[in-house]
1. Based on the alpha carbons, how large is the Rg to Rh ratio for region 190-334 when Rh follows Kirkwood?
2. Rank 191, 126, 49 by mean-square fluctuation in a GNM of the chain with C-alpha springs under 10 angstrom and give only the top-ranked residue.
3. Between the DSSP loop rule and a limit of at most 15 other Cβ atoms within 10 Å, which trypsin sites (Lys or Arg not before Pro) in region 95-129 are left?
4. Each residue of region 67-81 in order: what ³J(HN,Hα) in whole Hz does its phi give by Karplus 6.51 cos²θ - 1.76 cosθ + 1.60, θ = phi - 60°, with x for Gly and Pro?
5. So how far, in whole Å, is the C-alpha centre of region 157-201 from the one of region 219-233?
6. Just to be sure I follow: if Rg is taken over the C-alpha atoms of the chain and Rh is the Kirkwood radius over the same atoms, what is Rg/Rh?
7. Across the chain, how many lysine pairs, 8 or more positions apart or on different chains, have C-alpha atoms separated by under 23 Å? Please give the number.
8. For region 1-71, count the residues as N, evaluate 2.2 N^0.38 Å, and divide the Cα radius of gyration by that value, please.
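Coordinate-derived values only; no laboratory data. Because the structure is a prediction, the values reported are computed rather than measured. Glycine gets a Cβ as well: all are built from the backbone with ideal geometry, and neighbour counts include every protein chain shown.
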Amino acid sequence: MAKRDLAAELLRELGQDRTQYHSGEELSARLGVSRTAVWKAACRLREQGYAIESVTRLGYRLTALPDGMTKELLEQYLQQGRGETVICYEETDSTNTRGMQLALEGAPTGTVVLADRQTHGNGRLGRSFVSPAGQGVYLSYLLRPDFDPAALSLLTSCAGLAVCQVLEQHGLAPAIKWPNDIILDRRKVCGILTKLTSDAESGTINGAVIGIGVNVTQQPQDFPEELRDKAISVREAGVTVPRAAIAAGIITRLDDLFLRQHILSQPAENLIGELTRRSCTIGRRVEVISPTGQYEALAVAIAPDAGLIVELPDGSRRTVSSGEVSVRGLLGYT
Ligand code: BTN
C-alpha cells in the first residue's frame, strides 16, 4: 500500500476553501489523525513554501502557494480529480518523450506529463528547447482519438489558442506566429511541438502528444545569449503568475477544446476565426523554406486545416503546411 502523505491531504483540505479558517478539530476528524499530526503536516507544508496562518480558536488557513511544479500544487488550480491523470517530474529528459512512451503503454486520452526541468527539451526542426528548473512550464498532453494524421496542424493550432487564452486571462495580449510560436512584445514566449504516435504492428496513427513550453519567470539574462532578443517570459512582459496556475490553465483549456467541445469534429470556421484574429503572420511578407526551395510570399489567410495560405508574386495562391516548411517573418513578428 502506498505510504500516506498527510501534508498533501491537508493541503487538499485547506485548498478547498482558502477564504475560511479550518479548525484543527475539524481537520483531525476529517483526516482521521490527531491534532498534533495535523500541526506537523502544516509545518511540513510551510517548509515547502506554503504560507499557512494558524490562529488560536479559529484554526488553519492557506494564504499563499509557492511557485513550484508539483502535483499537489497543480491540484490547487485544477478541478477536483483532474490531477489523477497528470504526472509531474522534478526532472526528465523531455515530457514529449515521456508522453510518447505513455502512449505506447496505453495511457488514456487527456494524460498530461509535466516537468520542472527538462534535460533534453525538443524543439521543432531538430532544435533543442532550453528548459531550466523553476522558470517555465514544460508539459505534454496526450490525445488518443482516431484522428486523421492531416489534423496535425490543427492540434498544434488548438494548443496555441489554449495558451493564448490563458495568457489573455492574465491580462496579456499574445499573438500566434504561424504555425507554433506564441509571441509577446515581438518575442517568443511559448513554443509547441506535436508528435504523432503510431501502432507498431498496424502502422496506424493511434495518438498525438502535444508538447508545450512556456517561458514564465526568466529575466533577460537567464536566456542563452543568442536568444536574448528573441525570447521573453510572462514575468518580463509584466505579469507575475505561479507556473502551476499557467500549467493548470492550459490543461483546463485543452480539456475544454478536445474533450468537451470536440473541436476537431466541429466545423473549422470558429477555430480558424480565433486563430486569424490572433495571428501576427497574416498580412506579412514571409519567407517559405521548403525541402524543394525557398521563396518569398505574402501570408494571406489560415486554411481550414490550419495550413497557411500564401500569395506568390504572380498572384497565385498555395497552402503551406507546418510539417514541410519553416516560415520566417521578414519584417519581424508584429
Ligand atoms: C519549438 O519552439 O520549436 C517547440 C518547443 C516545444 C517545447 C515543449 S516543452 C514540453 C515538450 N517537451 C519537449 O521536449 N518539447 C515540448
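1. Across region 190-334, the Cα-based Rg/Rh ratio is 1.00.
2. Evaluated over the chain, the most mobile residue of the options is 126.
3. When the trypsin sites (Lys or Arg not before Pro) of region 95-129 are filtered for loop state and at most 15 Cβ neighbours within 10 Å, 127 remain.
4. 9, x, 9, 9, 5, 4, 5, 4, 4, 5, 10, 9, 5, 4, x
5. Here the answer is 18 Å between Cα centres.
6. Rg/Rh: 1.03.
7. Lysine pair count for the chain: 7.
8. That works out to 1.03 for region 1-71.
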